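Report on one structure; see the data block that follows.
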Amino acid sequence: TQLLEQSPQFLSIQEGENLTVYCNSSSVFSSLQWYRQEPGEGPVLLVTVVTGGEVKKLKRLTFQFGDARKDSSLHITAAQPGDTGLYLCAGVDTGRRALTFGSGTRLQVQP
Amino acid sequence: DAGITQSPRHKVTETGTPVTLRCHQTENHRYMYWYRQDPGHGLRLIHYSYGVKDTDKGEVSDGYSVSRSKTEDFLLTLESATSSQTSVYFCAISEGTSGRGEQYFGPGTRLTVT
């Protein structure tokens with residue numbers, strides 16, 4: 001069974017601060033995705049990283065895929081209250097075309 | 001937004017009763033999935049489908065069955081609901097051709113088993 005561990009589980013910061021969320025596994029994934037989920041809604045895809053070492057930027061969010069394709073990080077610069085939510089990483093199991101999810105990082109950005 | 005609807009959105013049922021949740025898509029995507037989300041566990045795969053009448057088990061499939069008779073509909077059935085199946089259930093779809101595995105989620109069904 002492939003497992004993904006996210007850290008930290010909870011993060012409460014002030015508006016304007018920077019933060020990094022980590023997603024680690026002992027397994028290799030063909031690609032890794034990051035989702036954001038708000039209360040009462042389903043997860044929404046933010047980004048997919050495919051190549052080891054790949055870095056993608058989405059406005060103030062920077063996503064990195066580890067060289068060995070076993071880990072990933074999400075860095076948010078100058079966090080805003082609108083960034084509040086549950087951030088989930090998910091690795092692709094190509095055999096089933098199914099996702100293995102991490103347990104999530106709940107981020108709260110205080111104004 | 002991907003055209004995915006789930007029904008019902010909320011349900012309260014008693015232990016031992018059968019329950020069926022429905023997922024409907026308008027995207028004609030090949031792959032459909034059922035997940036459950038519980039505090040501390042993230043999302044866990046229950047069952048998935050890779051085509052009409054083609055389904056397979058996920059990591060937490062015990063107590064659940066699924067059916068897919070049409071491309072657009074994927075049903076999840078709890079044969080005899082138990083309190084441990086109280087959860088939020090999400091359906092997801094994926095085109096599946098790119099190999100990137102990107103999935104699009106429905107709004108969820110909150111199920112309470114009393």
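The values are calculated or read from the model by the stated rules, or taken from the named source; none is laboratory data. Values in this document were obtained by computation on a predicted structure and should not be read as measured data. For neighbour counting, all protein chains shown are included, and Cβ atoms are generated from backbone atoms with ideal geometry for every residue, glycine included. Surface accessibility is based on the protein's heavy atoms, side chains included, excluding ligands, DNA and RNA. Shrake-Rupley method; radii C 1.70, N 1.55, O 1.52, S 1.80 Å.
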Taking the range B:23-57, which residues are on the phi > 0 side of the Ramachandran plot and out of contact with any Phe, Trp or Tyr (no Cβ under 7 Å at 6 or more places or on another chain)? B:N28, B:G40, B:G51, B:K53
Could you list, in sequence order, all residues of the range A:18-44 that are among the hydroxyl-bearing types (S, T, Y) and more than 9 Å from the chain's Cα centre (by Cα)? A:T20, A:S25, A:S26, A:S27, A:S30, A:S31
Residue list for the range B:50-71, restricted to those being away from chain A (no Cβ under 13 Å) and either without any contact (Cβ under 8 Å) to a residue 24 or more places away in the chain or surrounded by fewer than 17 Cβ atoms within 10 Å (Cβ to Cβ) (or both): B:V52, B:K53, B:D62, B:G63, B:S65, B:S67, B:S69, B:K70, B:T71
Of B:R44, B:R22, which residue is over 20 Å from A:Y87 (Cα atoms) and either modelled with pLDDT of 95 or more or open to solvent by 20 Å² or more (accessible area, probe 1.4 Å) (or both)? B:R22
Qualifying residue in the range A:67-82 (condition: free of Cβ contacts under 8 Å to residues at least 24 places away in the same chain and part of a loop (DSSP other than H, G, I, E, B)): yes
Could you tell me how many of the residues in the range A:10-45 are closer than 21 Å to A:T100 by Cβ and either open to solvent by less than 40 Å² (accessible area, probe 1.4 Å) or hydroxyl-bearing (S, T, Y) (or both)? 16
Going through (1) more than 9 Å from every other protein chain (Cβ to nearest Cβ); (2) open to solvent by 30 Å² or more (accessible area, probe 1.4 Å) one by one, B:V113 fails only at (2)
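Each row is one residue, and each column tells you yes or no for (1) farther than 20 Å from A:S31 by Cβ; (2) modelled with pLDDT of 95 or more; (3) under 11 Å from the mean Cα position of the chain (by Cα).
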| residue | (1), (2), (3) |
| --- | --- |
| B:P39 | yes, no, no |
| B:F74 | yes, yes, yes |
| B:S80 | yes, yes, no |
| B:Y89 | yes, yes, yes |
| B:G99 | no, no, no |
Return the residues of the range A:83-111 that are open to solvent by 20 Å² or more (accessible area, probe 1.4 Å) and not in a strand (DSSP E or B); say none if nothing qualifies. A:T84, A:T94, A:G95, A:R96, A:R97, A:S103, A:P111
Taking the condition of a type in the set (K, R), within 14 Å of another protein chain (Cβ to nearest Cβ) and more than 11 Å from the chain's Cα centre (by Cα), does A:R69 pass? yes
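Among the residues of the range B:72-92, write down those that are away from every other protein chain (no Cβ under 11 Å), in a strand (DSSP E or B) and among the hydroxyl-bearing types (S, T, Y).
B:T77, B:S87 - these are the residues of the range B:72-92 that are away from every other protein chain (no Cβ under 11 Å), in a strand (DSSP E or B) and among the hydroxyl-bearing types (S, T, Y).
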Based on what the data block shows, is B:E79 of a type outside the set (G, A, S), open to solvent by 60 Å² or more (accessible area, probe 1.4 Å), touching a residue at least 40 places away in the same chain (Cβ under 8 Å) and closer than 19 Å to B:I4 by Cα? no
A:Q33 versus (1) within 14 Å of chain B (Cβ to nearest Cβ); (2) without any contact (Cβ under 8 Å) to a residue 24 or more places away in the chain; (3) touching a strand residue (DSSP E or B) at 6+ places or on another chain (Cβ under 8 Å); (4) under 19 Å from B:Q103 (Cα atoms): which is the lone unmet condition? (2)
Determine if the range B:60-73 includes at least one residue that is over 21 Å from B:P18 (Cβ atoms) and of a type in the set (F, W, Y). no
Considering each residue of the range A:85-111, count those that are under 17 Å from A:V47 (Cα atoms) and either touching a residue at least 12 places away in the same chain (Cβ under 8 Å) or hydroxyl-bearing (S, T, Y) (or both), and give that number. 15
